[in-house]
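Report on the structure given below.
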Amino acid sequence: MAEPVITSPHAESKRPFFTEQRRSRITAYTFISPFFILFSIFGLYPIFFTFYLSFFKWDALGPMKYVGFKNFELITTDPTFWISFSNTLIMGLMGTVPQVMLALLLAVLLHSGMTRFKKTFRILYFMPNITSIVAVTLVFSTLFGNNGMINWLLNGIGVESMAFNSGWWGVKIAISTMVMWRWTGYNAILFLSGLQSIPMDLYESAKIDGANRRQQLFFITLPLLKPFIIFVSLQSTIGALQLFTEPYVFLGQSGTGSTRQEGITMVTYLYSEAFRNGFFGTAAATAVLLFLVTILFSVLNMLISRGGGRQTGGKKA
């Protein structure tokens, strides 16, 4: 009978450090490390530096001087900041809500059997999203000019011309229309992918049970489309709070054109503070407040979307 082999307690310490498992892990982390390195440099570092800079006075050339919460006090007592804040919310509301509703309607029409040439429409819906924002803004600046096509159409139906370039509401309507035109098709494609992921068996079972189209919409389509609605609403809200290029180009980049009170947004205010006035500390404080507002609205958006979806799905057909 063979004697049992006694393993020394020091035998495990002699195992090579680079085992097959560790080698596989190191290889995997090496392949994905470029993303995390670049994200740390160009994503995380600017965020932390912005928080740090918001407590200092700095003109980007001289030494930094610690001022505590003075930058936050300066911008919250500046009337222009609150005008930019209200403009951002108003234009976000005017551009986002109709945009999401219209995108959902287009997606339903595209998903139904009523529409022919579906592939052509999908391409056309996506075209505005890949078009340059500056080019889009320049075209819309012509359309919404004092003698532009929009005023010509308004005059044709008996409505007086509107000052889209300088009026308090005219500027907001023009900018919101640009935003809506650019993102409606993109969101419609997202909604369409969500509609196509819903099994057709559910609709056939509902028809057998006697459910009409309205009941199918409210008790099958909308509850199962809830993740896409939350995503699109969240993305649109964040995009609305970061509105910059459209008002900046539409109002004019020279002088104080882009900071006119009828169209200034929070990001335009931030840009003006940093790169025109040289107050990088107050610009960083504005960015921190914008970051907090974005988080607040994102959380509210998710709570409302989830609450609405739960309420819709909880009713019995």
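The values are calculated or read from the model by the stated rules, or taken from the named source; none is laboratory data. Remember, predicted model here, so these are calculated numbers, not experimental data. Neighbour counts are summed over all protein chains in view; Cβ atoms, including those assigned to glycine, are modelled from backbone coordinates with ideal geometry. Accessible surface is based on the protein model in full, side chains and every heavy atom, while ligands, DNA and RNA are left aside. Shrake-Rupley method; radii C 1.70, N 1.55, O 1.52, S 1.80 Å.
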What number goes with the only condition from (1) assigned to a helix (DSSP H, G or I); (2) open to solvent by less than 10 Å² (accessible area, probe 1.4 Å); (3) more than 25 Å from Phe291 (Cβ to Cβ); (4) touching a helix residue (DSSP H, G or I) at 6+ places or on another chain (Cβ under 9 Å) that Asn187 does not pass?
-> (3)
Do you know which residues across the range 200-234 are of a type in the set (S, T, N, Q) and open to solvent by less than 70 Å² (accessible area, probe 1.4 Å)?
-> Ser205, Gln215, Gln216, Thr221, Ser233
Take Pro9 and decide whether it is at pLDDT 90 or above and either exposed (fewer than 10 other Cβ atoms within 10 Å of the Cβ) or under 30 Å from Val293 (Cα atoms) (or both).
-> no
How many residues, within the range 96-141, are among the charged types (D, E, K, R) and closer than 25 Å to Tyr248 by Cα?
-> 0
Which ones in the range 104-125 are open to solvent by 80 Å² or more (accessible area, probe 1.4 Å) and touching a residue at least 24 places away in the same chain (Cβ under 8 Å)?
-> Arg122, Leu124
Is it fair to say Ser176 is more than 27 Å from Lys119 (Cα to Cα) and within 18 Å of the chain's Cα centre (by Cα)?
-> yes
Answer yes or no: is there a residue in the range 52-73 that is among the aromatic types (Phe, Trp, Tyr), loosely packed, with under 14 Cβ neighbours inside 10 Å, touching a helix residue (DSSP H, G or I) at 6+ places or on another chain (Cβ under 9 Å) and closer than 30 Å to Ser236 by Cα.
-> yes
Filter the range 191-245 down to residues that are of a type in the set (S, T, N, Q) and farther than 30 Å from Leu290 by Cα and give me whichever is nearest to the chain's Cα centre (by Cα).
-> Ser193
